[in-house]
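Here the structure is laid out as C-alpha cells; the discussion comes afterwards.
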Amino acid sequence: MNTKSSQFNYRKATSADIETIKAIIVESVHGLGSNDYTESQRNAALGSAFGLDTALINDKTYFVVEAQSEIIACGGWSKRKTLFGGDRQAGRQPELLDPDTESARIRAFFVKPGWARLGIGRRLIELCESEALEHGFHSTELVATLPGHRLYRACGYIGEERLEYKLPGDVAIHFIPMKKTIF
Ligand SMILES: CC(C)(COP(=O)(O)OP(=O)(O)OC[C@H]1O[C@@H](n2cnc3c(N)ncnc32)[C@H](O)[C@@H]1OP(=O)(O)O)[C@@H](O)C(=O)NCCC(=O)NCCS
C-alpha cells in the first residue's frame, strides 16, 4: 500500500453519507474533470452518468475515505449489471451478475480536489478487487471517464477505445470501457 494513501480511513458508506457523497461528486467532477470535459458536458453528466447509485450503499459495496473525520473521496464495486451512472441514469440493470461468467463492476470513483494523486484511487481499487475476488469474481470491468482512464490504466485495466455516450440535453461525452482479470 502507498504510504500516503494508508494515512486515510476507508470505511463502508451508509445512507447517512449520501448528501456528503453527492457534494463530493460535484466538486470532484468540476475540480478534476475540467481539463477533459467542457462545463456543459460536466453539468449534463452530473445527476445522470456521474450520479450516486444508492444500490451500492444498500449492497455494502461502496466506500468512503476519511481524513480525520472529513469524507474526501468515494468509490466502490458492484455485483449488479449496471455498468455506470447514478440513480437517475437511464437503462439501469439491477440484476445480479454471475461471478463465474461475468465481471464485477468498478463504480463511481470520485476524489475531492486537493486530495488527488495521493494514492486514494489506487487503494480503493485494491479494496474493491479484493472484495470482488472474495465474492467469486475472476474479472472486473468499468466505464472510465477520461480522468479515470489514467488511474485505471495505472492499475492494470485494459481498454483504449473512446466511445461516445449521449447525455441528457443531447450533449455527447466520451468514456472508455476497460477490463481486468483479477486473481
Ligand atoms: C480519477 C480519480 C478518481 C483518480 O484518483 P486519485 O486518488 O487521484 O488517483 P491515485 O492518486 O490513486 O493515482 C494512482 C495512479 O493513477 C495515475 N493517475 C491518476 N490521476 C492521474 C492524472 N491526473 N494524470 C496522470 N496520471 C494519473 C498515476 O499513475 C497515479 O500514480 P502516481 O500518482 O504515483 O503517478 C480522480 O482524479 C477523480 O476523482 N477524478 C474526477 C472524477 C472522475 O472522473 N472519476 C472517475 C470515474 S470513472
Quiz item: Using θ = phi - 60° and the Karplus form 6.51 cos²θ - 1.76 cosθ + 1.60, what ³J(HN,Hα) does each residue of the range 6-16 get, whole Hz, x for Gly and Pro?
Solution: 7, 7, 9, 9, 10, 9, 6, 6, 10, 4, 5
Self-check item: Contact order relative to length of the range 39-183, as percent, for alpha carbon pairs under 8 angstrom and 6 or more apart
Solution: 23
Quiz item: Using mean Cβ contacts within 10 Å as the protection proxy, how do 159-165, 54-60, 136-142 order, highest first?
Solution: 136-142, 54-60, 159-165
Quiz item: Which log10 I(q)/I(0) values, to two decimals, does the range 5-181 give at q = 0.08, 0.16 Å⁻¹ under the Debye formula with one point per Cα?
Solution: -0.21, -0.93
Practice problem: For the range 133-145, just list the computed ³J(HN,Hα) in residue order, Karplus coefficients 6.51, -1.76 and 1.60, θ = phi - 60°, integers in Hz, with x standing in for Gly and Pro. | Solution: 4, 4, 8, x, 6, 10, 8, 10, 9, 7, 10, 8, 6
Quiz item: If the label point is 7 Å along Cα→Cβ of SER130, which residues in the range 36-71 have backbone nitrogen under 15 Å from it?
Solution: 62-65
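Since every read-out is calculated from the coordinates, none of them should be taken as a lab result. Just so you know, these numbers come straight off a predicted model, no measurement behind them. Note that each Cβ is placed from the backbone with ideal geometry, even for glycine, and that neighbours are counted across all protein chains shown.
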